[in-house]
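First up is the structure itself, then whatever we jot down about it.
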Amino acid sequence: MDFLNLAKALARSPRQLYAICKRDDGLPNDEGTTLNAIFKALRDVGVSELAHCPNDIHLPKNQYRDAARITPAALIDASKNRTGSWAFLSNVTLDVVKRAIWQNQAVILLIYCDNGFFGTTTPTFKEKSYGHFVVAYGYDEDGVYVADSTEATSAFSYKYIPRAAFDNGFIRQGATAVNIPNWQLIGLTSPNAVKRFVLTQLITLYTQVLKGRP
């Protein structure tokens, strides 16, 4: 979303987001969390850049998820990147997820998977052993491309989920949020500057439409 809205590639911290979710989701004895908790954390707290809260997956789990270890600087940075409202997909077929990606750029999916999902870019789906979150960001005719922050190496962080996984019930839930661009990152520091920017964009778009008419 950062890249598409701001033309900036900013690595953000899954650890910081997860720690906020575990602080607030009401599931203290469960390693997982919920889609509702994720989007609430994104709306209310935001997510910091990775440098403020490194994603050290080798930490003991009780430390990795400890929100008290998130620095004030990370929380301040997170507050600059918050999303708006969110919606659950009523049906998680491949076509529905593709349409949501097209409309809102990214969709968080809760999937079933097994050990065949990890350590590869082309996972297999044989057993519904685990629940796992991934971010769907692209698609083709036969599947979706997802990012997985839990891999120890970036070589396996981007994966492909084929249509068969959808058809066989491996995709449990999906949800998407309205992203609010960080206007300060593109040099807009006042409400009037934002208004002028939006108006200019609308005028440009309108002019392009007119030029396209016969």
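Structure notes:
- Total residues in the range 51-109, condition of a type in the set (D, E, K, R), assigned to a loop (DSSP other than H, G, I, E, B) and closer than 20 Å to L10 by Cβ: 3
- Scanning the range 68-87 for residues that are at pLDDT 90 or above and either of a type outside the set (G, A, S) or surrounded by fewer than 16 Cβ atoms within 10 Å (Cβ to Cβ) (or both) gives A68, R69, I70, T71, P72, A73, L75, I76, D77, S79.
- Looking across the range 11-31, just one residue is touching a residue at least 60 places away in the same chain (Cβ under 8 Å) and farther than 19 Å from A136 by Cα, and that is Q16.
- Lone unmet requirement of (1) without any contact (Cβ under 8 Å) to a residue 40 or more places away in the chain; (2) farther than 18 Å from S149 by Cα; (3) of a type in the set (A, V, I, L, M) for V135: (2)
- When K128 is tested against (1) at pLDDT below 95; (2) within 19 Å of K159 (Cβ to Cβ); (3) not assigned by TED's automatic domain parsing to the domain that holds A9, exactly one condition is not met: (1).
- If you go through the range 138-171 and pick out every residue that is touching a residue at least 40 places away in the same chain (Cβ under 8 Å) and in a strand (DSSP E or B), you end up with 6.
- Residues that are at pLDDT 95 or above and either among the β-branched types (V, I, T) or closer than 16 Å to P14 by Cα (or both), drawn from the range 137-157: V144, V146
The values are calculated or read from the model by the stated rules, or taken from the named source; none is laboratory data. What you see is a predicted model; the values in this text were computed from it and never measured. Neighbour counts are summed over all protein chains in view; Cβ atoms, including those assigned to glycine, are modelled from backbone coordinates with ideal geometry.
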